[in-house]
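Below is one structure, written out as structure tokens; the observations come after it.
Coordinate-derived values only; no laboratory data. The structure displayed is predicted, hence computed values, not measured ones.
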């Protein structure tokens, strides 16, 4: 599902909100931007029933180029870890 499809799905629930498509899109983009900025700072974002976003440091490591078999060094970097919440896991 992409952003457009997500907006379409949200807008089908007119019983929950009377927002226009533009207002809904603005809210969605603001929410995603806030999550990104918060995790970038190093703080966790926890949405009860959905899951948690956490910034973690991945260590440098050795890898293998699959086409040549040559060993390559992969640099350390920050990545986002998502842990689904209990309610999310239960529906899967």
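Top mean-square fluctuation among 64, 39, 80, Gaussian network model of the chain, C-alpha springs under 10 Å?
The residue that fluctuates most here is 64.
For the stretch 44-92, what mean projected area does the convex hull of the alpha carbons give, in nm²?
4.9 nm²
In whole angstrom, how far apart do the alpha carbon centroids of the stretch 1-61 and the stretch 63-89 sit?
Cα centroid to Cα centroid, the span is 22 Å.
Over all pairs of distinct alpha carbons, what does the Kirkwood formula give as the hydrodynamic radius of the chain, in Å?
16.4 Å
Per DSSP helix of 4 or more residues, -39500 (n - 2.57); summed, then divided by the residues of the chain. What does that give at 222 nm, rounded to the nearest 500?
That calculation yields -12000 deg cm²/dmol at 222 nm.
Per the Cauchy relation, a quarter of the hull surface: what is the mean projected area of the convex hull of the alpha carbons in the stretch 1-41, in nm²?
Numbers: hull surface 12.6 nm².
Mean projected area for the stretch 1-41: 3.1 nm², to one decimal.
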